[in-house]
Amino acid sequence: MRQAFARAVIAATCIAAFAGFLFPAPATGADVLRIGVLGGKATSDDFAAQKCLAHDLAESLAAPVQILALPSGDGLRQALIADAVDLAVLSARAYGALSRTKPGAVQPVLAMRGRGGSKGYRAVALTRPDADIDALEKLKGKNIGFADRRSLPGYFVPSVALARAGLNIERDLTSVRVGGGYNAIFTALESGAIDVALTWRTDAGSASAPGAGPLQRFLVTSHAQFTEFWHSPLIPNGPVVLRTALPENIKQIVTDRIASLGETAPDCLAMALGLPVTGTFAVTHADYETFIAADQKRLSLSVARN
């Protein structure tokens, strides 16, 4: 493991100041697995929240595990880019930003099931049951409702899908209504004021489950009848990433141990990662490509407006 983990400390110290704590292993050597977390002084004093995860990994690898507290999300991304951190959990947006800056630097391996068991969310297109609409390609000339032009799942993900279906929002749609919030768009669809509503839903299951989205809550309170005729691929919760250069056997051990903790000790992972955890599931870069394309469109429009 010496070559697997040995990276110059100089690279780490070039990142904005961090604090670290070493968790020893039963048979320690010079090699260290470095886990990057976000946090300030309270986190860096004793890393109590990370002890469960760190001790488990140290024992599984027979090598020490070091927790490094980075002061910001950008600092954590820079540490991953500089090979100063081997493992971290990122938001989907942070992972997308890192993959654009240094493609292939890290490998997403797992994501956490959140509240209600949700793996993430999907953008969806809704119409009324009596409408003759069953595909995005049939939307030419229709009235479309978006709740928020700033929303990634509610606007940018479906707008990318519309473009891939050969539709230009400004040219091919009769009317595009934006604003008023999700309930306003759902009410407009129910009343016939618009033909289609573009929104999102979680995969949390029950509408009353923690983490259920605005569509699920609206359907419970209004008893409206909508037909979902399109949905995006699942956009997973943010990934646990490993430095791609790590040996495959090390990546497998770490992935397996975190997945096991997700099943047997989700509270341990929740504390260590600072996220709600009800389990884990496997992910790859391909699972985030829909999100990354939509986020790139968001960034491009933002630059164009400026």
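The values are calculated or read from the model by the stated rules, or taken from the named source; none is laboratory data. Note that the structure is a prediction, hence the values are computed from the model and not measured. No Cβ is skipped: glycine too gets one built from the backbone with ideal geometry, and neighbour counts run over all protein chains shown. Ligands, DNA and RNA are excluded from the accessible area calculation, which covers all protein heavy atoms including side chains. Shrake-Rupley method; radii C 1.70, N 1.55, O 1.52, S 1.80 Å.
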Subject >> Restraint check, K102/K251; K251/K297; K119/K251; K51/K251, Cα-Cα greater than 25 Å >> reply: K251/K297
Original post:
At a probe radius of 1.4 Å, what is the per-residue accessible area of R149, in Å² to the nearest 10?
Top reply: 80
Original post:
With the calculation restricted to Cα positions, what are the radius of gyration and Dmax of segment 45-200 in angstrom?
Top reply: 21.9, 64
**OP:** Heads up, I need the accessible area for Y121: 1.4 angstrom probe, whole protein in place, Å², nearest 10.
**Re:** 50
Original post:
Using 1/(1 + (r/R0)^6) with R0 = 41 angstrom and r between the beta carbons of R115 and S175, what's the FRET efficiency to the nearest 0.05?
Top reply: 0.70
Original post:
For the peptides 163-169, 291-297, 279-285, what is the packing order when you average, over each peptide's residues, the other Cβ atoms within 10 Å and list the highest mean first?
Top reply: 291-297, 279-285, 163-169
Subject >> Label-point separation, S300 to H285 (7 Å along Cα→Cβ), nm >> reply: 2.0
Original post:
How many nm separate the modelled label positions at K140 and S191, each set 7 Å beyond the Cα in the direction of the Cβ?
Top reply: 3.1
